[in-house]
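Okay, structure first, notes after.
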Amino acid sequence: MTEHTSDSIAVGVVGARGRMGSLVCESVRGADDMQLLAELDHGDALSALAGADVVVDFTVPDAVMDTISWCVQNSTPVVVGTSGFDEPRLAHVRSMLRTDSHVMIIPNFAVGAVLMMHWAAQAAKFFPDAEVLEYHHSAKVDAPSGTAIRTAQLMAQARREAGLVSADSADSRPAALGDTVDGIPVHASRGSGFIAHQDVVFGGPGERLTIRHDSLDRASFMPGVLLAVRSVRLRSGLTIGLESLLGL
């Protein structure tokens, strides 16, 4: 740890001994405008975060809500990279917020992945068929991924705003063809050799369009993490995704 100076952002990392958390700590140490105040793992006392300007959480779905609650109660901005935020859980987060709360929940910190989601939403308005296929390492605990869910939600929203019906409903598809999110079919694959990869495949009469993003190294997430740390104190309430931070 280094001594906190007034012109730097004091960052506390929860989940600091995990693959992503340890890389976040390394990136914070290397940032000229940040200092690493605390490195916690799941089960450590959150009181060690006292004095942090921003908290970053990369834990597990069972632990992350405690971090968010502590941050809200202590008026500490928090950036969340932990997966597992479906609509009921997001509603729970919203119910916790106070007027001085600053919470960011980011399904994917890779800038390329955010652009992939943005472009997928644009394309969804022009093709009758669309599916999301995602591939992650075998240790990932949730399926489908938060990125896949967010992609499908953005695509479905774009279709609704354009006055179009969504893709096939869950009731009309065999289970082997995958689950659906807001009417968009989503497929998940887990296995060795993957980091984080996603295809969004569109079909129309006589043509197919594929938008693909690959994270080949977890370093791809770090610019987005640092952007969120620098931005979270400027955004009140709940922010989902990096889109608004990138001007999308």
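Structure above, values below:
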{"read-out": "Selection from HIS213, LEU133, VAL181, by position along the positive dipole direction of region 111-216 (Cβ)", "value": "HIS213"}
{"read-out": "Electrostatic dipole magnitude of region 111-216 [Cβ: Lys, Arg +1; Asp, Glu -1; Cα centre; debye, to 20]", "value": "160"}
{"read-out": "Principal-axis tilt of helix 222-231 within the chain, Cα atoms, nearest 10 degrees", "value": "60"}
{"read-out": "Sequence-distant residues sharing a close amide H with VAL56 (under 5 Å, placed H)", "value": "GLY12, VAL13, VAL14, VAL79"}
{"read-out": "Mean ellipticity per residue at 222 nm, deg cm²/dmol - from DSSP H runs of n ≥ 4 across the chain, formula -39500 (n - 2.57)", "value": "-9500 deg cm²/dmol"}
{"read-out": "Order of GLU207, GLU243, GLU26 - criterion: other Cβ atoms within 10 Å of each residue's Cβ, fewest first", "value": "GLU207, GLU26, GLU243"}
{"read-out": "Dipole magnitude (debye, nearest 20) for region 47-147, charges at Cβ of Lys, Arg, Asp, Glu", "value": "200"}
{"read-out": "Relative contact order (percent, whole number), region 19-110, Cα cutoff 8 Å, 6+ residue spacing", "value": "23"}
{"read-out": "From phi via Karplus (6.51, -1.76, 1.60), per-residue ³J(HN,Hα) for region 83-89 in Hz, x at Gly/Pro", "value": "7, x, 9, 8, 4, x, 5"}
{"read-out": "³J(HN,Hα) computed for each position of region 178-192 - Karplus, 6.51 cos²θ - 1.76 cosθ + 1.60, integer Hz, glycine/proline x", "value": "x, 7, 10, 10, 6, x, 9, x, 10, 10, 10, 10, 10, x, 5"}
{"read-out": "Contact order normalised by residue count of the chain, Cα under 8 Å, 6+ apart, percent", "value": "21"}
{"read-out": "Kirkwood hydrodynamic radius (C-alpha pairs) into Stokes-Einstein, region 96-167, 4 °C and 1.567 mPa s, D in µm²/s", "value": "94"}
{"read-out": "Length-normalised contact order of region 111-216 in % [C-alpha pairs under 8 Å, at least 6 apart]", "value": "38"}
{"read-out": "For region 116-122, Karplus couplings with θ = phi - 60° (6.51, -1.76, 1.60), whole Hz, Gly/Pro x", "value": "4, 5, 4, 5, 4, 5, 5"}
{"read-out": "Most mobile listed residue (LEU90, LEU234, LEU115) in the chain, GNM with C-alpha springs under 10 Å", "value": "LEU234"}
{"read-out": "Between 0 and 90°, nearest 10: helix 19-30 axis offset from the chain longest Cα axis", "value": "50"}
{"read-out": "Kirkwood Rh (inverse of mean 1/r, distinct Cα pairs), region 97-248, angstrom", "value": "16.3"}
{"read-out": "Cβ-placed point charges (K, R +1; D, E -1), dipole of the chain about Cα centre in debye, nearest 20", "value": "300"}
{"read-out": "For region 1-107, the spread of Cα positions along each principal axis, largest first, Å", "value": "38, 31, 24"}
{"read-out": "Residues with amide H under 5 Å from that of HIS187, placed H, sequence gap 5 or more", "value": "VAL132, LEU133, GLU134"}
{"read-out": "Kirkwood hydrodynamic radius (C-alpha pairs) into Stokes-Einstein, region 72-128, 10 °C and 1.306 mPa s, D in µm²/s", "value": "117"}
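Read-outs throughout are calculated quantities, based only on the coordinates presented, and are distinct from any laboratory measurement. Just so we're clear, the structure is a prediction, and the values are computed from it rather than from any experiment. For neighbour counting, all protein chains shown are included, and Cβ atoms are generated from backbone atoms with ideal geometry for every residue, glycine included.
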